[in-house]
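The values are calculated or read from the model by the stated rules, or taken from the named source; none is laboratory data. Remember, it's a predicted structure, so these values are computed and weren't measured experimentally. Cβ sites come from the backbone with ideal geometry, for glycine too, and all protein chains shown count toward neighbours. Note: areas computed on protein heavy atoms with side chains; ligands, DNA, RNA excluded. Shrake-Rupley method; radii C 1.70, N 1.55, O 1.52, S 1.80 Å.
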Amino acid sequence: MIKVALVDDQQMVRVGLRMILESEDDIRVCCEAADGNQALELADTHAADVVLMDVRMPGMDGIAATRALIAKQPDARIVILTTFDDDEYVYEALRAGASGFLLKSADGDTLVEAVRIVAGGEALLAPEVTRRVIERFASSAPHAAADPEPTAPQGDVPHQPSPEAIGDLSDREVEVLQLMARGLSNQEIAAELFVSNTTVKTHVSHILTKLGVRDRVQAVVEAYDSGIVLPRG
């Protein structure tokens, strides 16, 4: 059973999400919160497998809540709920440690699939949308971008890979990371490099370990932030 926490200041949104998710046999909504502060309080008593987090909320917003929740529970899997005009919020949330994001306009099947993907330990990396978001903001101020509504304590930031960690990547691992940043799946990377899926999985695992990041989304953000991948002009 996949336990999901809903964090959104609009009750009707939470009601709609609950109805969709609980129509599935393997998903249960374990708690609901109307803002980031309440989400942090509930995290102590409800061990959710996936947190669906709205980005714009009064009090503690989704970015600050993502940072604080991951600082409290490093294994937390957070999916940001957003709209098309929230790109800057999405980018900051990804850098804060979110495992991906989902447009609020997504249909029910997409929502359910996203929950299952993230609960399974994978990152929710929609190639075109995610790349657009990261490319747009990585080139402007990758390490100094301020939160749109900064509310998180300065200490609640995720691990940031060191230059030494970037240098530890082999040439092949850099190549794999560049393909990951293009949004390619393991199978597509394998076809591109003429290697097996197992070999690609091994490379990806080594990349995540060497960079000290949580998942593919964080690795892709770091690929742009470090200059291994450059935004398209």
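In a fully extended conformation the segment linking E41 and M19 would gain 5.6 nm over its present Cα-Cα distance, using 0.36 nm per residue.
By a 1.4 Å probe calculation restricted to protein chains, T110 has an accessible surface near 50 Å², given to the nearest 10. Distances between placed amide hydrogens fall under 5 Å for A47 paired with no residue 5 or more residues away or on another chain.
Ranking M60, M53 by solvent-accessible area of protein heavy atoms (1.4 Å probe, all protein chains present), from largest to smallest, gives M60, M53. Whole-Hz Karplus values for the stretch 62-72 come out as x, 5, 4, 5, 4, 4, 5, 5, 5, 5, 7 Hz, taken residue by residue from phi with 6.51 cos²θ - 1.76 cosθ + 1.60 and θ = phi - 60°; glycine and proline positions read x. Principal axis analysis of the Cα atoms in the stretch 1-132 yields extents of 34, 30, 28 Å, listed in decreasing size. Close amide-amide hydrogen proximity is noted between A33 and L6, V7, D8, each under 5 Å apart and 5 or more residues distant or on a separate chain (H modeled in the peptide plane; Pro and chain starts excluded). The overall shape of the stretch 5-80, judged from the alpha-carbon gyration tensor, is oblate: a/c is not under 1.5, and a/b is no greater than b/c. Label-to-label distance, L103 versus Q73, with points set 7 angstrom from Cα along the beta-carbon direction: 2.9 nm. Counting only protein heavy atoms and using a 1.4 Å probe, the accessible area of M1 comes to about 140 Å². Placing R0 at 25 angstrom, the Cβ-Cβ distance between A191 and D87 gives a FRET efficiency of 0.25 after rounding to 0.05. Per the Kirkwood definition applied to all pairs of different Cα atoms, how many angstroms is the hydrodynamic radius of the stretch 163-233? Taking every pair of different Cα atoms in the stretch 163-233, averaging 1/r and inverting gives 12.0 Å. Globularity index of the stretch 46-87 is 1.16 (Cα radius of gyration / 2.2 N^0.38 Å, N = number of residues). Which of Q73, L94, V112 sits closest to the plus end of the dipole of the stretch 62-127, meaning its Cα is farthest towards the positive end, when Lys and Arg get +1 and Asp and Glu get -1 on the C-beta? Of the candidates, Q73 comes out farthest on the positive side. Apolar share of the accessible surface for the stretch 4-58: 49 percent from carbon plus sulfur atoms, 1.4 Å probe.
For a straight C-alpha distance cut-off of 26 angstrom, the lysines reachable from K201 (same-chain residues fewer than eight places away being disregarded) are K210.
Remark: spin-label model distance R56-E122 equals 3.1 nm, labels positioned 7 Å along the Cα→Cβ axis. What is the spin-label model distance, in nm, from T198 to E113 if the labels are put 7 Å beyond Cα along the C-beta direction? My value for the distance between the label points is 2.9 nm. Taking the centroid of alpha carbons for each part, the stretch 12-45 and the stretch 91-114 are 15 Å apart. The candidates F101, F194, arranged from most to least accessible area with a 1.4 Å probe in the full protein assembly, appear as F194, F101. What is the list of residues in the stretch 37-76 whose amide nitrogen lies under 19 Å from a point 7 angstrom out from the Cα of Q11, following Cα to Cβ? It comes to 37-39, 54, 57-59, nothing else.
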